[in-house]
Amino acid sequence: MDQPSAPKGVNSADRWGATAAAYHKISEAVHPHAQLLIEQAEKRLSFTSPGVRVLDNGCGTGAVCLMLAASYPKVPIVASDLSPKMTEIVSRQGISNIETVVADGMDLSKIRQMCPEGFSHVLSNFMIQFAPDPFQPIQQMITVTRPGGVIGLGTWGSCTVENMFISAVQLVYPEWESPGLWSTRDFPEQAAEIKAWMESQGIIDVETLELPACPKFSSVEEFTTYFFESKNPAPEKLVDSIRAKYGDDGVEKVRSRLPTVFEHGEWDVARLAFNAFITVGRKP
Ligand SMILES: C[S@@+](CC[C@H](N)C(=O)[O-])C[C@H]1O[C@@H](n2cnc3c(N)ncnc32)[C@H](O)[C@@H]1O
């Protein structure tokens, strides 16, 4: 059956700006991934090596760059994001070795001009699947990585939150099909496939580790409010798809049924999880 496509601008700077203040809920859940990304990158090339310079591409509220700067206060870090509201949150921390830049990961020419010598480490935690073509930001990242430098990615896999939402919607609209949380369903969600794709781009020493991300919601109400009101573009894409097909009343109906799927014990708000992957390799 015909599915409404996600409205244009799902991934716009404005959309991400609108959720910046509420983003800490997700940022907390990806701290273990930021840490693993940093550890895996460090294993390939130490952050204390001469000439180190790091790019955190799609920095959000700073999960990676702030953690890195806390451990390595002398390493120059460029933290870039599509959304000025996100980079402002990082800038406000006033960390002397972090420079923030508003830049689209789909085209890193601005970053290349700023830093023509390239970066020793180019990291991107959970950004690429929001880009219109998730492969392009990786190809761009490769172009700004020095030979011998490290590329590291956090990417999402399948997620119980989407399945839980599908259950709630289908109580009201059995024919509804999810448009998916990310910009497309094209990016691989299996470790071996992610690794193989990175290798096909010429990246060596690639390893992909799976580490679920578990956002902590204290109650169904808190989760429901986040899902419907945070403006986070991932859940918003699902809500927008309901709105496009069934209107605001349809959204309200689904919202009021969401607690039912928890009450019936099918899902547990304390155990919601996204599969997620950390992939790190080197440019030869
Ligand atoms: C899920 S958040 C991840 C933020 C952060 N890296 C973290 O680990 O918490 C995705 C971030 O990617 C940014 N983003 C989305 N599309 C982008 C693009 N095309 N270029 C650069 N940043 C983008 C968003 O503004 C948002 O801050």
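Just so you know, all these numbers are worked out from the coordinates, no wet-lab data involved. As the structure is a prediction and not an experimental result, all values here were calculated from the model. When we count neighbours, we look across all protein chains shown, and the Cβ atoms used for this are built from the backbone with ideal geometry, even at glycine.
As a rough guide to protection, the peptides 199-207, 54-62 ranked by mean Cβ packing within 10 Å, highest first, stand as 54-62, 199-207. If a spin label sat at a point 7 angstrom from the Cα of SER218 along the line to its beta carbon, the backbone N atoms of the range 26-57 nearer than 17 Å would be those of 26, 28-29.
If amide H atoms are built 1.01 Å from N in the plane of the peptide, which residues on other chains or at least 5 residues away come under 5 Å of the amide H of ASN125? Residues meeting the amide H criterion: ASN57, GLY154. Footprinting exposure proxy ranking of PHE47, PHE135, fewest other C-beta atoms within 10 angstrom first, gives PHE135, PHE47. Each label was represented as a point 7 Å from its Cα along the Cα-to-Cβ direction; for LEU45 and SER71 these points are 1.7 nm apart. Dividing the helix sum by the residues of the chain, where each DSSP H run of 4 or more adds -39500 (n - 2.57), gives a mean residue ellipticity at 222 nm of -13000 deg cm²/dmol.
Extending 7 Å from the Cα toward the beta-carbon at both ARG146 and LYS110 defines two label points whose distance is 2.5 nm. Sorted on the mean count of surrounding Cβ atoms within 10 Å across their residues, most packed first, peptides 69-79, 149-159 read 149-159, 69-79.
In a fully extended conformation the segment linking SER256 and THR184 would gain 23.1 nm over its present Cα-Cα distance, using 0.36 nm per residue.
Relative to the first principal axis of the alpha-carbon coordinates of the chain, what is the inclination of helix 191-200, with its axis defined by its Cα atoms, in degrees from 0 to 90 and to the nearest 10? The two axes meet at around 40 degrees. With respect to the chain, whose longest principal axis is taken over its alpha-carbon atoms, helix 233-263 is tilted by about 70°.
Rounded to the nearest 5, the antiparallel percentage of DSSP beta bridges internal to the chain is 45%.
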